[in-house]
1. Quick check on MET251: is it under 20 Å from ALA348 (Cβ atoms), in a loop (DSSP other than H, G, I, E, B) and in contact with a Ser or Thr (Cβ under 7 Å, 6 or more places away or on another chain)?
2. Quick one: GLN396 ticks every box in (1) at pLDDT 95 or above; (2) on the phi < 0 side of the Ramachandran plot except a single one, so which number is it?
3. Taking only region 267-278 into account, find how many residues are within 18 Å of VAL446 (Cβ to Cβ), out of contact with any Cys (no Cβ under 6 Å at 6 or more places or on another chain) and buried (at least 17 other Cβ atoms within 10 Å of the Cβ).
4. Sort out which residues of region 405-449 are in contact with a helix residue (DSSP H, G or I) (Cβ under 7 Å, 6 or more places away or on another chain), surrounded by fewer than 20 Cβ atoms within 10 Å (Cβ to Cβ) and over 20 Å from GLU295 (Cβ atoms), and write them in order of number.
5. Given the criterion within 25 Å of the chain's Cα centre (by Cα), modelled with pLDDT under 90 and either over 19 Å from GLU158 (Cβ atoms) or surrounded by fewer than 16 Cβ atoms within 10 Å (Cβ to Cβ) (or both), identify the matching residue among GLY34, GLY82.
6. Out of curiosity, is ASP176 buried (at least 18 other Cβ atoms within 10 Å of the Cβ), touching a Pro at 6+ places or on another chain (Cβ under 6 Å) and not small (Gly, Ala, Ser)?
7. Being basic (Lys, Arg) and modelled with pLDDT of 95 or more: is that true of ARG191 here?
8. I'd like to check something: does region 124-141 contain any residue that is over 25 Å from the mean Cα position of the chain (by Cα), assigned to a loop (DSSP other than H, G, I, E, B) and either at pLDDT below 95 or within 18 Å of ARG49 (Cβ to Cβ) (or both)?
Amino acid sequence: MATNSAVGLPLNVAPDLAAAWDAMCAPVRERYAGSSPNRARNLALRWLRWEVRRREGQAAPASGAALRVDARILIVQPDHLGGVLASTPTFRLLKAALPTAKLTALVGPWGADVAERCPVVDRVRTCRFPAFDRAARPAGVLERVSSKLAPYTRLLDEAAALRGERFDVALVLAPDFWAAALVALACIPRRVGFATAEAEGFLTYAMPMAPPPIGKAPGPREPGAAAQLRLARVALDMAGVAAPERFDARMAYEPRPEERDAATRLWRAHDLDEAQGVVALHPTPGGAAKRWPAERWALVADHLSGRYGAQVVVTGGPHDVAEARALAAACTRRPVVLAGQAPFGALAALLERCRFVLGTDNGALHLATARGVPSLRLFGQTDASVWGGWTGGGEQGPVTVALQSPRLCSPCHRLDLPLWEAVSPGHGAAYPCMEDLTLAAVLAAVEDLWRRTAR
């Protein structure tokens with residue numbers, strides 16, 4: 001892509017990108033400057049579209065009749081735990097509209113736990129969606145070449161498996177071209193998803209979707225869960241099915257009895273007391289770029305324990321243990337480190353007993369909202385209006401406070417970034433958008449949340 005040599009700004013870009021460019025850090029600029037589709041990708045897309053047309057010519061034409069009451073519906077959601085949680089209201093809407101339909105959720109292995117617990121889902125299939133796969137990238141030249149071809153061979157294999165199941169309709173709940181191509185190659189007759197330049201050619205109906213604005217938008221965007229519900233209503237309407245006016249639009253995730261028992265054991269082992277006020281801190285997001293400086297989290301923990309006598313617990317996954325311990329060691333009043341001790345189901349049961357939860361944009365904060373727990377979350381690269389916590393669309397629900405970075409380029413929507421220390425050692429502890437979320441702003445939000453969650 002050609003660039004303006006003075007500032008590195010690509011030529012002929014959208015006004016929002018141009019306005020945010022000067023505020024962007026170098027890693028984000030590099031990704032936007034190099035984000036134009038390359039020739040190999042364009043050729044792959046052209047071949048995939050040709051292959052879809054060829055297969056459609058061999059298949060029976062799609063019927064315009066209303067869906068059967070026992071229709072086989074495939075719901076594709078490649079996103080991670082938080083994204084799949086935000087899709088559970090859509091699962092519920094579809095089942096409420098078609099109680100005897102068979103709902104199959106196709107998710108990444110990273111999202112299967114959430115889909116399997118949703119009571120309206122009849123079956124869960126897993127697939128490693130390339131754009132959402134956080135597996136380590138190969139280092140060798142031959143391995144990298146092979147990895148470029150692997151998504152397309154996987155696409156054909158997965159499509160063959162799906163084709164044998166004879167689904168009546170597919171809903172693709174993420175703007176992902178690979179997922180859209182998958183349901184097209186599987187010859188599913190009705191395919192509904194979001195209209196993006198790469199995906200819409202694989203769909204029988206693509207719902208218009210404005211590109212996410214970079215930087216400060218004139219107003220809040222539609223929450224992710226609401227957009228998916230709107231897509232499902234369109235799909236139902238096109239299939240001649242009336243969508244119910246009332247249904248449970250909350251996110252669904254229920255801990256199992258043994259997970260509640262595990263959470264109770266952890267609670268008792270560390271003498272945690274709900275009356276005293278227990279606050280969970282989940283500082284480690286799935287995306288490396290979303291981190292807020294650990295030393296600031298330590299000061300927030302000290303503020304809670306010193307001012308209010310709160311007991312702070314630091315949660316996280318097995319890979320977060322060292323980071324959680326380092327954070328705790330930086331605190332004046334050492335919090336309880338539970339990272340690595342509570343898998344997702346037990347974590348849900350643990351969070352239910354907390355006064356509120358703090359963190360960045362991550363799955364654990366979505367889990368807190370799903371279980372009715374108040375939360376405060378920090379946003380830099382992602383959009384708080386989209387991912388700030390879905391409570392069902394009504395006024396009822398837990399208090400959710402979202403702080404968006406004041407930096408002009410926030411949100412940039414780039415999560416394909418390494419740790420900040422790896423790209424800019426010695427220049428701060430986090431990406432500039434996260435650094436710009438000041439300790440004072442977060443402490444003020446914590447103070448407000450403490451008042452609003454009085455028990």
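The values are calculated or read from the model by the stated rules, or taken from the named source; none is laboratory data. The structure presented is a predicted model; accordingly, all values stated were derived computationally and were not measured. Here Cβ is always computed from backbone atoms with ideal geometry, including for glycine, and neighbour counts include all displayed protein chains.
1. For MET251, the condition - under 20 Å from ALA348 (Cβ atoms), in a loop (DSSP other than H, G, I, E, B) and in contact with a Ser or Thr (Cβ under 7 Å, 6 or more places away or on another chain) - is met.
2. Result: GLN396 fails condition (1) only.
3. The number of residues fulfilling the criteria is 1.
4. Listed by number, the residues that qualify are LEU408, LEU415, ASP416, PRO418.
5. None of the other options fit; the residue is GLY34.
6. Against the criterion (buried (at least 18 other Cβ atoms within 10 Å of the Cβ), touching a Pro at 6+ places or on another chain (Cβ under 6 Å) and not small (Gly, Ala, Ser)), ASP176 qualifies.
7. Yes.
8. Yes, there is a match, as at least one residue in region 124-141 is over 25 Å from the mean Cα position of the chain (by Cα), assigned to a loop (DSSP other than H, G, I, E, B) and either at pLDDT below 95 or within 18 Å of ARG49 (Cβ to Cβ) (or both).
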